[in-house]
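Visitor: Dumping the structure here so I can ask a few things about it.
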Amino acid sequence: MTGICGFVNWEGRGEAGERCALMRRALLIYGSDRCAEWQAGDAALGIGLARLLPEDRFDRQPLAGGGGRWRLVADLRLDNRRELCADLGLSSGQAREVSDSQILLQAWEAWQEETPDRLVGDFAFAVWDAHARIMHLTRDYLGQRPLFYHANPRYSAFSSMARGLHALGDIPLAPNLERIRDFLALAPTRGEGSFFAGISRVEPGETVRLGARGEARRSFWYDWSRRPEVRFSRDADYGDALRATFDRAVEDRLRAPMPVASQLSGGLDSTAVTATAARLLEARGQRLRAYTHVPLSGVKLDEAGGRNGNEWDRAHVLAEAYPNIDHIAVEAADRLIGGDLEAQFHYFEFPALNICNLVWGHEISRLAGRRGRSVLLTGSMGNATISLSGLERPAELFRSGRWISWVRECRALMRNGHGAANVFLLRTFAPFLPPDVVSTLMRLRGRHVRRLDAYSALRAEERDSPGFRQRMQALSFDPTFRPWPSARALSQFMLRRFDAPGQSHKGHLAAFNVDVRDPTCDRRIVEFMQGVPSECLLRDGQPKWLYHQAFADRVPPAIRMASQRGLQGADWRERYDRARANLASECARASGDSRVNALLDVPSLIRTLQMPGDAAVSEPEGVERIRLRLFRALSVAHFIRKTDVGNAAPDGSTPPATIDV
């Protein structure tokens with residue numbers, strides 16, 4: 001994780017070095033192990049390196065290539081170093097003493113704009129073409145590294161985080177209310193807009209070319225419509241292939257000169273990550289710290305719908321299976337809901353979607369990094385990849401005319417406990433019916449229906465406006481979340497829904513000294529899961545069939561076969577009571593901001609905060625009213641309000657004294 005920045009003055013003024021230095025200093029909290037700048041005339045690049053890889057000791061960015069034509073800065077971790085070095089003709093000895101950025105430069109010299117599609121890993125990089133006078137900005141296919149820019153006829157500038165651009169002084173610190181409105185509606189993040197007005201973002205899988213007169217040409221190098229088919233002659237080969245690909249994904253994320261830890265719940269994804277990492281580390285004689293959130297002791301838990309509110313026992317089954325795992329319970333007893341908002345704004349620079357889960361998530365990162373910089377493995381995107389359920393298969397079979405297979409699979413689901421109405425109506429036909437019809441059918445069956453006004457505090461005038469409806473249609477977003485017509489479509493929606501992981505990783509590094517790495521969103525894993533036939537996901541009524549085939553050797557049956565889903569932060573009711581006074585104060589401060597009131601239904605938030613505890617949390621409406629609607633609204637309100645006073649410490653040197661991490 002590294003902070004990169006650059007500045008080009010199209011009017012020929014000699015201020016590029018000075019302006020770039022301002023941005024680089026603002027990014028110091030994201031990397032200060034080695035700082036350097038390059039300047040030539042009206043162009044400059046800067047870097048603040050955080051050494052997170054063994055080969056980072058060889059990193060000498062900014063780099064020059066192509067006989068002086070190219071200048072490069074990059075924030076990256078290349079996971080296919082071996083393949084790239086072989087393709088570029090580097091010997092094993094050379095490969096051991098070359099940084100990822102140097103490999104990237106040599107790749108650019110060889111393949112130029114075809115380079116991104118040859119890379120596997122997390123990256124954001126910039127290449128200045130001195131001959132064509134174009135700045136190329138590129139992000140990895142899922143945006144695991146952030147990259148922002150501002151372009152006008154006088155100059156173009158880019159920065160890893162928005163604070164670098166705000167340090168220039170002439171880009172006002174103001175919220176982008178349209179992007180925030182999409183966020184509150186849980187709509188997909190699409191288009192160049194960031195959470196800050198006047199600041200654009202390079203989208204995941206995109207290259208932006210900045211040129212004179214404020215030109216910004218955008219194109220996607222990654223094509224999600226490509227569906228490379230994965231076909232084997234034997235069923236067992238699918239599990240073997242997924243397991244081998246996953247082992248490589250985890251192994252590549254263990255490349256670090258520092259200790260490794262993991263987030264471990266009782267679910268399928270974090271257990272697969274933790275078990276695989278433990279096996280690989282044990283072969284090296286190394287240990288793994290696994291952190292599991294446990295709820296406050298002695299309090300009532302939210303276990304609606306049969307959810308498991310305390311996953312310690314299940315997680316501990318996994319930990320006990322591996323002798324090199326040190327299992328650590330994280331109660332976070334002294335942390336309050338909403339207590340992380342200042343840190344969220346300062347380090348992460350976007351409003352948190354779930355401030356309830358910040359409580360334990362940030363506490364795990366704090367513990368993982370308190371002994372010095374460390375890697376923290378997660379399985380955040382596993383639901384969209386390795387543990388896809390495949391319950392969309394009935395709709396796929398029916399739509400494709402494979403009716404015998406459809407009937408057979410539906411009957412198998414019913415034998416495994418799925419009701420007939422759920423299988424035939426919701427799983428088969430609902431994806432193709434209008435949202436209003438689906439909602440009506442669900443109400444008739446006594447099912448809870450998701451409504452935008454229930455989980456979002458947007459003002460009614462905003463929700464019902466023609467502009468908002470047109471925006472949702474343009475994004476192909478259904479706020480009712482009816483069932484999906486295919487597993488591939490659902491997977492892509494979950495993977496691409498929010499462009500936040502990159503900023504989140506940056507924030508965790510700056511605030512807690514941890515480098516968050518998620519093998520479940522590895523490009524090789526994603527493309528493998530996108531390519532397997534749907535019968536690998538749902539077979540004979542068993543969801544997640546491929547997961548069980550791949551990980552039966554490392555994840556105990558007590559976890560794999562558990563029917564009860566877990567719920568993180570199940571003690572939120574008690575934590576809400578403890579934090580209510582502080583949250584009410586935050587709401588009162590937000591009510592005085594005209595921009596907050598223009599976007600949010602603030603009076604309804606105040607009424608919710610004034611409701612007695614038992615009335616406030618009646619199920620299921622209470623969960624949405626507080627945990628979703630209220631908490632998200634206060635997160636957004638705080639973000640908007642903070643732009644009035646500015647992001648404190650604009651030079652990035654030290655955080656404000658009020659921030660507690």
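Visitor: Within segment 589-612, identify whether any single residue is modelled with pLDDT under 80 and out of contact with any Asp or Glu (no Cβ under 7 Å at 6 or more places or on another chain), and answer yes or no.
Guide: Keep residues of segment 589-612 that are modelled with pLDDT under 80, which gives 612.
From the residues that got through so far, the ones that are out of contact with any Asp or Glu (no Cβ under 7 Å at 6 or more places or on another chain) too are 612.
Within segment 589-612, one or more residues are modelled with pLDDT under 80 and out of contact with any Asp or Glu (no Cβ under 7 Å at 6 or more places or on another chain).
Visitor: Moving on. Looking at this structure, is residue 357 at pLDDT below 95 and either touching a strand residue (DSSP E or B) at 6+ places or on another chain (Cβ under 8 Å) or assigned to a helix (DSSP H, G or I) (or both)?
Guide: Numbers: at pLDDT below 95: yes; either touching a strand residue (DSSP E or B) at 6+ places or on another chain (Cβ under 8 Å) or assigned to a helix (DSSP H, G or I) (or both): yes.
Yes: the conditions hold for residue 357.
Visitor: Please verify whether residue 556 is more than 20 Å from residue 362 (Cβ to Cβ), modelled with pLDDT of 95 or more and surrounded by fewer than 20 Cβ atoms within 10 Å (Cβ to Cβ), treating the condition exactly as stated. Explain how you work it out, then say what you get.
Guide: On the way: more than 20 Å from residue 362 (Cβ to Cβ): yes; modelled with pLDDT of 95 or more: yes; surrounded by fewer than 20 Cβ atoms within 10 Å (Cβ to Cβ): yes.
Considered against the rule, which asks whether it is more than 20 Å from residue 362 (Cβ to Cβ), modelled with pLDDT of 95 or more and surrounded by fewer than 20 Cβ atoms within 10 Å (Cβ to Cβ), residue 556 comes out as yes.
Visitor: Which of the residues spanning segment 10-24 are more than 36 Å from the chain's Cα centre (by Cα) and within 18 Å of residue 132 (Cα to Cα)?
Guide: Residues satisfying the conditions are 11, 12.
Visitor: For segment 261-275, check the following and say yes or no: at least one residue is within 25 Å of residue 230 (Cβ to Cβ) and more than 21 Å from the chain's Cα centre (by Cα).
Guide: To start, the set of residues in segment 261-275 that are within 25 Å of residue 230 (Cβ to Cβ) comprises 267-273, 275.
Retained after the next criterion (residues that are more than 21 Å from the chain's Cα centre (by Cα)): 275.
The answer is yes, given that some residue of segment 261-275 is within 25 Å of residue 230 (Cβ to Cβ) and more than 21 Å from the chain's Cα centre (by Cα).
Visitor: Restricting attention to segment 58-93, which residues are within 28 Å of the chain's Cα centre (by Cα) and open to solvent by 10 Å² or more (accessible area, probe 1.4 Å)? Even if it seems obvious, please write down each step before you answer.
Guide: From segment 58-93, those within 28 Å of the chain's Cα centre (by Cα) are 59, 61-62, 72-84; that's our starting set.
Hits for segment 58-93 are 62, 76, 80, 81, 82, 83.
Visitor: Do we have any residue at all in segment 212-222 that's within 19 Å of the chain's Cα centre (by Cα), in a loop (DSSP other than H, G, I, E, B) and buried (at least 17 other Cβ atoms within 10 Å of the Cβ)?
Guide: yes
Visitor: Let me ask another. Taking segment 223-247 only, how many residues are surrounded by fewer than 17 Cβ atoms within 10 Å (Cβ to Cβ), of a type in the set (Lys, Arg) and over 19 Å from residue 139 (Cα atoms)?
Guide: Here the count works out to 3.
Visitor: Based on what the data block shows, is residue 196 buried (at least 22 other Cβ atoms within 10 Å of the Cβ), within 23 Å of the chain's Cα centre (by Cα), hydrophobic (A, V, I, L, M, F, W, C) and closer than 16 Å to residue 636 by Cβ?
Guide: On the way: buried (at least 22 other Cβ atoms within 10 Å of the Cβ): yes; within 23 Å of the chain's Cα centre (by Cα): yes; hydrophobic (A, V, I, L, M, F, W, C): yes; closer than 16 Å to residue 636 by Cβ: yes.
Yes: the conditions hold for residue 196.
Visitor: Working only within segment 110-164, note down all residues that are hydrophobic (A, V, I, L, M, F, W, C), open to solvent by less than 10 Å² (accessible area, probe 1.4 Å) and assigned to a loop (DSSP other than H, G, I, E, B).
Guide: Matches in segment 110-164: 119, 147, 161.
Visitor: Would you be able to say whether some residue in segment 62-78 is acidic (Asp, Glu), in a strand (DSSP E or B), closer than 30 Å to residue 494 by Cβ and in contact with a strand residue (DSSP E or B) (Cβ under 7 Å, 6 or more places away or on another chain)?
Guide: Our first condition is that a residue be acidic (Asp, Glu); within segment 62-78, this holds for 75.
So of that shortlist, the ones also in a strand (DSSP E or B) come out as 75.
From what's left, closer than 30 Å to residue 494 by Cβ: 75.
Filter again for in contact with a strand residue (DSSP E or B) (Cβ under 7 Å, 6 or more places away or on another chain), leaving 75.
For segment 62-78, residues acidic (Asp, Glu), in a strand (DSSP E or B), closer than 30 Å to residue 494 by Cβ and in contact with a strand residue (DSSP E or B) (Cβ under 7 Å, 6 or more places away or on another chain): present.
Visitor: Here's something else I'd like to know. Which pairs have Cβ atoms under 8 Å, sit 6 or more apart or on different chains, and link a residue in segment 37-56 that is part of a strand (DSSP E or B) to one that is polar (S, T, N, Q) and crowded, with 22+ Cβ neighbours inside 10 Å?
Guide: 47/2; 47/61; 48/2; 49/2; 49/61
Visitor: Using beta carbons and a limit of 6 Å, which pairs, at least six apart or on different chains, have the first residue in segment 291-304 and among the hydroxyl-bearing types (Ser, Thr, Tyr) and the second one in a loop (DSSP other than H, G, I, E, B) and open to solvent by less than 40 Å² (accessible area, probe 1.4 Å)?
Guide: Every condition considered, the pairs that remain are 292/264.
Visitor: Do you know which of the residues in segment 502-553 that are out of contact with any helix residue (DSSP H, G or I) (no Cβ under 8 Å at 6 or more places or on another chain) and closer than 18 Å to residue 144 by Cβ is surrounded by the fewest Cβ atoms within 10 Å (Cβ to Cβ)?
Guide: The selected residue is 527.
The values are calculated or read from the model by the stated rules, or taken from the named source; none is laboratory data. Everything quoted here is computed from the prediction, not taken from an experiment. Note: ideal-geometry Cβ built from the backbone for every residue, glycine included; neighbour counts use all protein chains shown. Note: accessible area is taken over every heavy atom of the protein model, side chains too, but ligands, DNA and RNA are not part of it. Shrake-Rupley method; radii C 1.70, N 1.55, O 1.52, S 1.80 Å.
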